[in-house]
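Trainee: I'd like to ask you about the structure that follows.
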There are 4 protein chains.
Amino acid sequence: MSHNTFGHLFRMTTFGESHGPAMGCVVDGCPPGIKLSVDDIQGYLDKRRPGQSRFTTQRQEPDAVKILSGVFQDDRTDGQVTTGTPIMLMIENVDQRSKDYTEIRDKFRPGHADLTYQAKYGLRDYRGGGRSSARETAARVAAGAVARKVIPGVTIRAALVQMGAHKVDYKNWDWAEVHNNPFFSPDAKAAAQWEEYLDGVRKAGSSCGAVVEVTASGVPAGWGAPVYGKLDQDLAAAMMSINAVKGVEIGAGFAAAAFSGEQNADEIRMRHGKPEFLSNHAGGILGGISSGQDIVVRMAVKPTSSILTSRQTITAQGTNTDISTKGRHDPCVGIRAVPVAEAMMALVLADHFLRHRAQVG
Amino acid sequence: MSHNTFGHLFRMTTFGESHGPAMGCVVDGCPPGIKLSVDDIQGYLDKRRPGQSRFTTQRQEPDAVKILSGVFQDDRTDGQVTTGTPIMLMIENVDQRSKDYTEIRDKFRPGHADLTYQAKYGLRDYRGGGRSSARETAARVAAGAVARKVIPGVTIRAALVQMGAHKVDYKNWDWAEVHNNPFFSPDAKAAAQWEEYLDGVRKAGSSCGAVVEVTASGVPAGWGAPVYGKLDQDLAAAMMSINAVKGVEIGAGFAAAAFSGEQNADEIRMRHGKPEFLSNHAGGILGGISSGQDIVVRMAVKPTSSILTSRQTITAQGTNTDISTKGRHDPCVGIRAVPVAEAMMALVLADHFLRHRAQVG
Amino acid sequence: MSHNTFGHLFRMTTFGESHGPAMGCVVDGCPPGIKLSVDDIQGYLDKRRPGQSRFTTQRQEPDAVKILSGVFQDDRTDGQVTTGTPIMLMIENVDQRSKDYTEIRDKFRPGHADLTYQAKYGLRDYRGGGRSSARETAARVAAGAVARKVIPGVTIRAALVQMGAHKVDYKNWDWAEVHNNPFFSPDAKAAAQWEEYLDGVRKAGSSCGAVVEVTASGVPAGWGAPVYGKLDQDLAAAMMSINAVKGVEIGAGFAAAAFSGEQNADEIRMRHGKPEFLSNHAGGILGGISSGQDIVVRMAVKPTSSILTSRQTITAQGTNTDISTKGRHDPCVGIRAVPVAEAMMALVLADHFLRHRAQVG
Amino acid sequence: MSHNTFGHLFRMTTFGESHGPAMGCVVDGCPPGIKLSVDDIQGYLDKRRPGQSRFTTQRQEPDAVKILSGVFQDDRTDGQVTTGTPIMLMIENVDQRSKDYTEIRDKFRPGHADLTYQAKYGLRDYRGGGRSSARETAARVAAGAVARKVIPGVTIRAALVQMGAHKVDYKNWDWAEVHNNPFFSPDAKAAAQWEEYLDGVRKAGSSCGAVVEVTASGVPAGWGAPVYGKLDQDLAAAMMSINAVKGVEIGAGFAAAAFSGEQNADEIRMRHGKPEFLSNHAGGILGGISSGQDIVVRMAVKPTSSILTSRQTITAQGTNTDISTKGRHDPCVGIRAVPVAEAMMALVLADHFLRHRAQVG
């Protein structure tokens, strides 16, 4: 059991604080012989990197990853490959701006983990949120890039499907659109509306929530396991472990509660010699095991807790006070959660691929 | 890593199939010296037991639990106590009605795990769903009763808050009402409406979904851990591992996506020398760690997949066919999921209590 | 982490006390489709069963195993097979002779776990040693029988190679001899000497130690892993977890300390297209990974602590006293440890087979 | 399950190859509020560091450790303390001498893990042994230094008690002597003999084995657990995971096999209000749980496999050849295993301290 490790056979152990010298992770259990270079990882980190538009925090971090172990370039082989030993990925922190931490040291910011870390540990590294900072998700994205290479037949894609109360129109869905706007919106029309909306939020010093949808195509039927090794159970844990996530659903999710049995259970027909489902309310998972359909997960991200408006709170010494949070923040953390959700999906699937192979061959 | 074990320090390993000789679990890691008798467990099992109203399956199972190990009655002490060694809880199956399994053997029932188990293992115990049957949750409820005794200061309660599209009115909430109706509804008015609604569903041979809400009061601030040992992460996994659950949310959950930062972040004030939050959108968890507020989790349960209406499917041999599922079924499995949700909450909290004590003392 | 679970992917969780109603285990992670019946298990249990000669305890336990879950006999297949779900193996206790436990309740027997269990838990089930009884090893033998079926190409055999100070002569080694004498001796001559020696020990109410050697043939090169997943590390843990074991060595073991580098490192030559080692000081493991040679492990078993001679001890209340242990005991517990050592070898190898398959395919 | 992680609650995950850019580890589960600086760690690393006498390899590595996360210096507290989050310890490799690896690339060195790594992974990082190098133990020593701070009441000390066939005389034992000679010998006389002996071994281009004894004083009764959480089981795994170790024993160990029950079971008397054992054949552990006596473990280290004498082997392509290993090597790796054995003892005990506290409080 480890509080900072995710996964069972394909495992990531992360370390590092927001304002410490470095962040990173050790990826253990990776199969040998997989080509892996910094280029395979950096692209995903760049998608999560702050400061790329006016809609994310202006902290400047290149998030340049180094591979410190677990790969080897034989003088007779073509390129660097994994050796089956731990892959250490390190990202140095660059822009840990020196500032006055007095206020944050002494006051618990509403919505943040300040009070709970203090209650648990009796102390906390308050610089930039320390270990509770979303900066930790850079390590996830790096590890997720390795995970993708373990399951090359699987395509993992995520998109923002709701910002504040504004949802995309699924009829407009275009995966190609996702990288044409600063919101990872699959709906160009929604993106245009969000731009205006988020500018308003940002200028008001406020923030908003979001919903992210992540999909995996190409997962064969049979991954996952009963009854505490369920694929959906692990996906729920994976997504809920991301900062600010407050809800997770698979397939139809909460909407299924209002369905009748006839509406909900996906009918099956043979097509081209393979089972095909006539709908996907199950989100690709039945009894905790993949059905061969697309795996579809959605997660709700709460609004950034750091806002300009003054809020009631208490000091670490237990007196009433108020606080407003200035400085660099994402007005909608859901945006940068999109590549993180993809990474967590990849990590869960790579793990379950190995788990399935272990038991069934 | 174990597919049939839940928990890290307070652990439950379950075994058994729906139509095998017995179900049960081994509870490991329980602290010593805790009074524990069959009476502490049986009451919770009775709440989950089938056949108690016309709204649940008519299978007749007494679900009588036996404690086969891990407790000891010293001749000088008052009653039987845990010894710190594995507690084996066994429930014999009584009503595994002999029937013709030919249809279920050869056809994959839509919405069930038939196809996926077959895809994974190349074979399956199709009698009553085998290991994928919700009957496995009896073992959870038994283990959950032990977990409650590990955290006596915590009160865990669950209720059905939505049946089909019909929600309770939170203004009518009365915990005392929950055991006055066959639906675990906290709202007497909603219960009356549901009775009529579910009778219609049942007579039509159909089924409906539901939403369950489970609450834990009395959890001190500080349980849980960053970043893959988060309390909400483990609760999400716990609930998503329950049969038919398709969504989980903490506190405001998906509604938080539409909140502004001002609305969402719970303000804090000192009251009676302790921090008190002025709202609980966080559901009692910040940064994965309990805040001292009530922990609030909701889960969406899909409609029972076994319905009378004929549905399109395929055979195990890959030909198109149709199926309708006769026999004993719950028209709304969400009802009997209520005591299961309580049990999973208890298991997660007992585990985190021990994990917290390990690291922090 | 579980105190009563052994293994990572092929896992056994045991439960039960010496004088409780039943002992047993849940085997999780077993591949599906393996033929498994009670007959596959009972033979190994019979080898470990007490009361088979005057050289083991006279407790009468049939040790009849039942399989309560995890297997299925399809009406179209030949025999019962594993389904990939937890296999529950139960052995009911029959001869928990009712007796007066007053002395054992109040005094700590030297060499036993009485004092340490009391120190840890503040109480203990003192009937027959409770959970610390070697009776727990029956569950290991049952699980080990399942493990053997997971690795059918591997032959696991153990023998007693030393009783008291009396060692076998390796020149006389004959595996066929092992089941011709009540000591599992591979050396008929040694067996004859031991018979006389152990009769003397037994009649004196004393006891003696032993050394067990266990060998696995047919393990392919490549099982095991660096650096905390080493095959020898897990074998050391497996053997040291057996009651009364005080030492474990692989290959040359402690003798290697006195070797020169030239003597120790096994030279290699190709034979019949495969690497062959010219000696096996490594015991079949290099860098924690199997080399394809026989895996050879030895373990030292201390003398039974229950002896007739009066010994100095203290009471649970902390006063000086004396104790001598009457009743049914093995004069040399090393004998019945032989099938247990085989079982632990099988469990470790089945686990590593799955672990290897997970990572490397 | 992780191949590169050691421990359950106090956990170390190591990474890095002998000739890669860096080695290190992530320590997870450490309690918060413990003072920890580089100075607490560096001293132990210096004891293990190569190149300190003519009796160890001449590779020049400063082994300077950096703490990259998990500690925090509050502006109001005295010194840097642990925060309860992962502690990343990094040691950069400095002296990865560039050399011609052709021979080692193409030939399997007898006694090394070359053949087995190749068999497992289909490739290997052959530079300096890659991940199989004893250089990995630097990370253990660093993590062990943190572990010691978690159990400040426990004193852990190790010594070399046998070099080649030459044993120390326990009557000469003096812990103060251990750091007065380059062998960690507690017996000055033996150290003098070893000096001459090892000079001969070294000049001959040969190597020799050794036995290390490690002791922990101050461990209270009650740490450890039945039956697969035994303290001796975990110590056996810990020591066997160290490079070149081929045997582990607790207390009397293999000698206990030749004892009678009367000789072996340690008698007990009250002294100063506490239980005291009149001997310590058990090595401080009964039934897997500490008894309050000194914990005593010995491990056998095989001779360094790298020797000048030409030995028969095969190439990676499967043809017969010969090899002799030139370059920098320890003639007796047992010497530098002494601080490593201490570290592993510390890691096991810190883990069991937390495990005990979790279950029993």
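Trainee: Just to be sure I understand, how many residues within region D:116-128 are in contact with a strand residue (DSSP E or B) (Cβ under 7 Å, 6 or more places away or on another chain), in a helix (DSSP H, G or I) and in contact (Cβ under 8 Å) with a residue 40 or more places away in the chain?
Mentor: Qualifying residue count, region D:116-128: 0.
Trainee: Being within 21 Å of A:Glu136 (Cβ to Cβ) and open to solvent by 20 Å² or more (accessible area, probe 1.4 Å) narrows it down to one residue among A:His329, A:His356; which is it?
Mentor: Answer to the check: A:His329.
Trainee: Right, next: Looking at region C:88-96, is at least one residue within 14 Å of chain D (Cβ to nearest Cβ), outside any loop (DSSP other than H, G, I, E, B) and open to solvent by 20 Å² or more (accessible area, probe 1.4 Å)?
Mentor: No, that holds for no residue.
Trainee: Let me ask another. Which residue, of B:Gly218, B:Gly200, B:Gly205, is at pLDDT below 95, over 23 Å from B:Thr14 (Cβ atoms) and of a type in the set (Gly, Ala, Ser)?
Mentor: Of B:Gly218, B:Gly200, B:Gly205, the one residue that is at pLDDT below 95, over 23 Å from B:Thr14 (Cβ atoms) and of a type in the set (Gly, Ala, Ser) is B:Gly205.
Trainee: Still on this structure: Pick from D:Pro182, D:Pro226, D:Pro220: which is within 11 Å of chain C (Cβ to nearest Cβ) and open to solvent by 10 Å² or more (accessible area, probe 1.4 Å)?
Mentor: Criteria check complete, one pass: D:Pro220.
Trainee: B:Gly7 - would you say it is over 17 Å from the mean Cα position of the chain (by Cα) and at positive phi?
Mentor: No, not satisfied.
Trainee: Looking at B:Ala142, is it modelled with pLDDT of 95 or more and facing chain A (nearest Cβ under 9 Å)?
Mentor: no
Trainee: Also: List the pairs whose first member sits in region C:1-16 and is more than 7 Å from chain D (Cβ to nearest Cβ), whose second member is surrounded by 24 or more Cβ atoms within 10 Å (Cβ to Cβ) and of a type in the set (Ser, Thr, Tyr), and whose Cβ atoms are under 6 Å apart, counting only residues at least 6 apart or on separate chains?
Mentor: Here the result reads C:Arg11/C:Thr5; C:Thr13/B:Thr13; C:Thr13/C:Thr5; C:Phe15/B:Ser69; C:Gly16/B:Ser69, each pair linking region C:1-16 to a residue that is surrounded by 24 or more Cβ atoms within 10 Å (Cβ to Cβ) and of a type in the set (Ser, Thr, Tyr).
Trainee: Additional query: Just a yes or no: is a residue in region A:162-175 modelled with pLDDT of 95 or more, within 14 Å of chain B (Cβ to nearest Cβ), open to solvent by less than 20 Å² (accessible area, probe 1.4 Å) and not in a loop (DSSP other than H, G, I, E, B)?
Mentor: yes
Trainee: Here is a further query. Being part of a loop (DSSP other than H, G, I, E, B) and either buried (at least 24 other Cβ atoms within 10 Å of the Cβ) or touching a residue at least 60 places away in the same chain (Cβ under 8 Å) (or both) is the filter here; which residues of region D:263-275 pass it?
Mentor: D:Ala265, D:Asp266
Trainee: Taking the condition part of a strand (DSSP E or B), at pLDDT 95 or above and crowded, with 22+ Cβ neighbours inside 10 Å, does A:Thr321 pass?
Mentor: No; evaluated as a whole, the condition is false for this residue.
Trainee: Quick one: count up the residues across region D:286-310 that are farther than 21 Å from C:Ala257 by Cα, in contact (Cβ under 8 Å) with a residue 60 or more places away in the chain, at the interface with chain C (Cβ under 8 Å from one of its Cβ atoms) and hydrophobic (A, V, I, L, M, F, W, C).
Mentor: 1
Trainee: Anything in region A:253-262 that is closer than 25 Å to A:Met239 by Cα and buried (at least 19 other Cβ atoms within 10 Å of the Cβ)? List them, or say none.
Mentor: A:Gly253, A:Phe254, A:Ala256, A:Ala257, A:Ala258, A:Phe259
Trainee: Kindly indicate the residue of region D:229-250 that is assigned to a loop (DSSP other than H, G, I, E, B) and open to solvent by 10 Å² or more (accessible area, probe 1.4 Å) and also nearest to C:Ala282 (Cα to Cα) among those meeting that condition.
Mentor: Restricting to residues being assigned to a loop (DSSP other than H, G, I, E, B) and open to solvent by 10 Å² or more (accessible area, probe 1.4 Å), the top hit is D:Ala244.
Trainee: Just name the residue that is farthest from the other protein chains (Cβ to nearest Cβ) out of those in region B:97-111 that are surrounded by fewer than 23 Cβ atoms within 10 Å (Cβ to Cβ) and in a loop (DSSP other than H, G, I, E, B).
Mentor: Within region B:97-111, the match that is farthest from the other protein chains (Cβ to nearest Cβ) is B:Arg97.
Trainee: Restricting attention to region D:185-213, report how many residues are within 11 Å of chain C (Cβ to nearest Cβ) and of a type in the set (Asp, Glu).
Mentor: 0
Trainee: Name, by its number, the condition in (1) open to solvent by 10 Å² or more (accessible area, probe 1.4 Å); (2) among the aliphatic types (A, V, I, L, M); (3) more than 14 Å from chain B (Cβ to nearest Cβ) that does not hold for A:Leu115.
Mentor: If we test A:Leu115 against (1) open to solvent by 10 Å² or more (accessible area, probe 1.4 Å); (2) among the aliphatic types (A, V, I, L, M); (3) more than 14 Å from chain B (Cβ to nearest Cβ), just (3) comes out false.
Trainee: Here's another thing I want to ask about it. Out of all the residues in region B:20-32, is one or more farther than 25 Å from B:His352 by Cα and in a loop (DSSP other than H, G, I, E, B)?
Mentor: Looking through region B:20-32, at least one residue is farther than 25 Å from B:His352 by Cα and in a loop (DSSP other than H, G, I, E, B).
Conditions tested, residue by residue: (1) away from chain A (no Cβ under 11 Å); (2) part of a loop (DSSP other than H, G, I, E, B); (3) of a type in the set (Lys, Arg).
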site	(1), (2), (3)
D:Asp39	yes, no, no
D:Leu45	yes, no, no
D:Arg54	yes, yes, yes
D:Thr57	yes, yes, no
D:Lys66	no, no, yes
D:Asp75	no, yes, no
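Trainee: Report yes if B:Ile314 is open to solvent by less than 10 Å² (accessible area, probe 1.4 Å) and part of a strand (DSSP E or B), otherwise no.
Mentor: In short, yes.
Trainee: Give the residues of region B:286-308 that are touching a strand residue (DSSP E or B) at 6+ places or on another chain (Cβ under 7 Å), part of a loop (DSSP other than H, G, I, E, B), of a type outside the set (D, E, K, R) and buried (at least 24 other Cβ atoms within 10 Å of the Cβ), sorted by residue number.
Mentor: B:Gly288, B:Ser291, B:Pro303 - these are the residues of region B:286-308 that are touching a strand residue (DSSP E or B) at 6+ places or on another chain (Cβ under 7 Å), part of a loop (DSSP other than H, G, I, E, B), of a type outside the set (D, E, K, R) and buried (at least 24 other Cβ atoms within 10 Å of the Cβ).
Trainee: Among the numbered criteria (1) among the basic types (Lys, Arg); (2) outside any loop (DSSP other than H, G, I, E, B); (3) touching a residue at least 60 places away in the same chain (Cβ under 8 Å), which single criterion is violated by A:Arg328?
Mentor: Of everything listed in (1) among the basic types (Lys, Arg); (2) outside any loop (DSSP other than H, G, I, E, B); (3) touching a residue at least 60 places away in the same chain (Cβ under 8 Å), A:Arg328 misses just condition (2).
Trainee: Okay, moving on. Which condition number in (1) under 30 Å from A:Cys30 (Cα atoms); (2) surrounded by fewer than 23 Cβ atoms within 10 Å (Cβ to Cβ); (3) modelled with pLDDT of 95 or more; (4) not charged (D, E, K, R) is the one that A:Ala134 fails?
Mentor: Exception for A:Ala134: condition (3).
Trainee: If a residue has to be surrounded by 23 or more Cβ atoms within 10 Å (Cβ to Cβ) and more than 9 Å from chain D (Cβ to nearest Cβ) to count, how many in region C:276-285 make the cut?
Mentor: Final tally of qualifying residues: 1.
The values are calculated or read from the model by the stated rules, or taken from the named source; none is laboratory data. This structure is a prediction, so every number in the text was calculated from the model and none was measured. Ideal geometry is used to build each Cβ from the backbone, glycine not excepted, and the neighbour counts take in all protein chains shown. In case anyone asks, the SASA skips ligands and DNA or RNA and just uses the protein heavy atoms, side chains included. Shrake-Rupley method; radii C 1.70, N 1.55, O 1.52, S 1.80 Å.
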